Amino acid sequence: MTLHRRNLLIASFALIVAVTLALPGSTLLAQSEKVEVLWLGQAAFKITTTSGKVIVIDPFLTNNPKTPAEYKDLAKLGKVDLILVTHGHGDHVGDVKALAAMTQAKVYGPAGLIATLVELGWVSPEQGVRFGKGGKVQPLGPQITITQVRAEHSSEVTVTDPATKKSTNHPGGEPAGFIIEMENGFKIYHMGDTGLFGDMRLIADYYKPDLILMPIGGHFVMDPVDAAYATREWLKPKFVIPIHYGTFPVLKGTPQEYIAALGQTSTKVFPINPGDKLEF
């Protein structure tokens, strides 16, 4: 091959790459080196992966006193590729029915919970996907793996009749957390609602999460001292975002109390507000 011909081939290849990057909807254009994490209050998150896939976890927005007004309009979330639910309480599944209907996204969660959501008509049988603790799923393709792990909590789905105001409880399966491994290997551990349990050490050793979304409010979940112990002694992640506090009066724990209880540590804590967005 002559030098001139080789230079022409190199120039042609560079042009093809440039045009591909410029095309709307191009896969290459959608790629990013960062994972985007948007906290929406309580345990609700919108996570955008490096390839632009959008995962919404525990959607409780329209009646969430801490959700910014902008996101009380579910359409403002934009496209949603997947919905994850950790358990059946209203402050975690409050907007599952509406969001699933609007986006047609699949809804993944504990087997018993999904069975109830389908039975109640909140999600269609085609949308609701059951899986269990230790189960690994790849609904967004082989580069993103979601593993269900243990949480120490309860789970029931409460339905209130708008006319009579009478509430009925339905089985919510077992509560869970999720390990989400991104395309670039970055791992997020959404703990769901949980108290302390010794297998947190196993989760840390085996899955090695980078970022933990950690409840600290107390009463129904770990308080700041419990959460600090779990962070310092067992989990030892690179990053923590404190969640599930201040939404209701009983959730009294604060990020400041958590940070004080944590003491000197290599873990970076991000005491952000609902509506704040971080990139990792």
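Here are the numbers for the structure shown:
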read-out	value
Which listed residue, of 137, 118, 159, is without any contact (Cβ under 8 Å) to a residue 40 or more places away in the chain and closer than 29 Å to residue 197 by Cα	137
Residue list for segment 218-244, restricted to those being under 18 Å from the mean Cα position of the chain (by Cα), within 20 Å of residue 58 (Cβ to Cβ) and assigned to a loop (DSSP other than H, G, I, E, B)	221, 237, 244
Which listed residue is touching a strand residue (DSSP E or B) at 6+ places or on another chain (Cβ under 7 Å) and either part of a strand (DSSP E or B) or of a type in the set (Ser, Thr, Tyr) (or both), from 194, 247	194
Wholly within segment 1-106, helices (runs of 4 or more DSSP H) carrying at least 2 residues that are open to solvent by 80 Å² or more (accessible area, probe 1.4 Å) and modelled with pLDDT of 70 or more	96-103
Residues (in contact with a Leu (Cβ under 7 Å, 6 or more places away or on another chain) and within 16 Å of residue 114 (Cβ to Cβ)) located in segment 56-87	56, 57, 59, 82, 83, 85, 87
All positions within segment 196-208 that are open to solvent by less than 20 Å² (accessible area, probe 1.4 Å) and out of contact with any Leu (no Cβ under 9 Å at 6 or more places or on another chain)	197
Any pair with Cβ under 6 angstrom, 6 or more apart, that starts in segment 46-72 at a residue that is within 23 Å of residue 249 (Cβ to Cβ) and ends at one that is open to solvent by 30 Å² or more (accessible area, probe 1.4 Å) and among the basic types (Lys, Arg)	61/72; 62/72
Segment 222-280 - residue that is open to solvent by 40 Å² or more (accessible area, probe 1.4 Å) and polar (S, T, N, Q) and, of those, farthest from residue 36 (Cα to Cα)	264
Qualifying residue in segment 208-216 (condition: touching a residue at least 24 places away in the same chain (Cβ under 8 Å), under 24 Å from residue 60 (Cβ atoms) and in a loop (DSSP other than H, G, I, E, B))	yes
Hits in segment 113-166 - residues which are aromatic (Phe, Trp, Tyr) and assigned to a loop (DSSP other than H, G, I, E, B)	122
Residue within segment 209-219 that is at negative phi and either modelled with pLDDT under 95 or open to solvent by 50 Å² or more (accessible area, probe 1.4 Å) (or both) present	no
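The values are calculated or read from the model by the stated rules, or taken from the named source; none is laboratory data. Since the model is a prediction, treat every value here as computed from it, not as a measurement. In this analysis, Cβ positions are derived from the backbone assuming ideal geometry, glycine residues included, and neighbour counts consider all displayed protein chains. Note: areas computed on protein heavy atoms with side chains; ligands, DNA, RNA excluded. Shrake-Rupley method; radii C 1.70, N 1.55, O 1.52, S 1.80 Å.
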